[in-house]
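Participant: Attaching a single structure in structure tokens format; questions to follow.
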Amino acid sequence: MGGNDKGLYKLADHRPLIEHVLARLRPQVEKILISANRNREHYRQYGGAIVSDQKDSPWGPLAGIASAMRWPSLGGYLLVCPCDAPQLPLDLCQRLCQHWVADETECALAHDGNRLQPLFCLMRSTLLPKINAYLNTGGRRVDQFMFGLNHQVVDFSDQSSAFLNINTREQVHQIDQAD
């Protein structure tokens with residue numbers, strides 16, 4: 001996306017990706033946390049708390065998740081989704097919760113029928129020490145970290161297109177054509 005902040009990239013309806021994501025996410029959760037390392041003032045207008053990575057280097061999405069887990073009033077679970085998925089499932093949280101197996105589960109991950117979608121997940125908020133340990137040993141891959149946890153994979157093959165991440169202008173055009 002040419003180095004632009006993807007969450008602020010506008011679709012044909014002139015609304016940024018973050019607005020599409022929040023419209024689908026808000027009915028599913030009690031609180032919104034937005035992980036943003038730049039354009040924080042712009043993101044404040046969306047009403048959620050803004051968290052930034054604690055690490056100075058580009059440690060990737062897990063650093064943002066770790067920052068969200070430090071939020072004082074987080075509660076027991078964190079629903080994670082990327083800001084560049086404007087068609088995320090309207091029942092993402094509900095279905096991830098349905099597959100939660102009491103005490104042993106640490107996270108529930110979406111699978112779109114073709115591949116695992118590790119950034120669409122429900123996680124215990126107590127995972128911060130494990131995330132930090134993984135990051136401090138040089139780990140960066142979200143899927144590799146998740147596979148090291150006691151996890152459940154949740155089938156979303158009936159909504160595979162809901163997991164389209166916008167990474168190119170061609171994908172913006174594709175999603176604009178679908179609407």
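The values are calculated or read from the model by the stated rules, or taken from the named source; none is laboratory data. These numbers were taken from a predicted model, which means no experiment stands behind them. All Cβ positions, even for glycine, are placed from backbone atoms using ideal geometry, and neighbour counts span all protein chains on display.
Participant: Go through the range 40-53 and count every residue that is assigned to a strand (DSSP E or B) and either among the charged types (D, E, K, R) or crowded, with 19+ Cβ neighbours inside 10 Å (or both).
Facilitator: Looking only at that region, the number is 1.
Participant: I'd like the residue in the range 126-172 that is among the β-branched types (Val, Ile, Thr) and within 25 Å of residue 21 (Cβ to Cβ) and, out of all such residues, is surrounded by the fewest Cβ atoms within 10 Å (Cβ to Cβ).
Facilitator: Residue satisfying both the conditions and the ranking: 168.
Participant: Residues in the range 10-39 that are loosely packed, with under 14 Cβ neighbours inside 10 Å, touching a residue at least 24 places away in the same chain (Cβ under 8 Å) and outside any loop (DSSP other than H, G, I, E, B): how many?
Facilitator: Qualifying residue count for the region: 1.
Participant: Could you please find all residues in the range 54-70 being surrounded by fewer than 17 Cβ atoms within 10 Å (Cβ to Cβ) and modelled with pLDDT of 90 or more?
Facilitator: Within the range 54-70, 70 is the sole residue that qualifies.
Participant: Within the range 76-106, how many residues are within 28 Å of residue 137 (Cβ to Cβ) and of a type outside the set (D, E, K, R)?
Facilitator: The number of residues fulfilling the criteria is 12.
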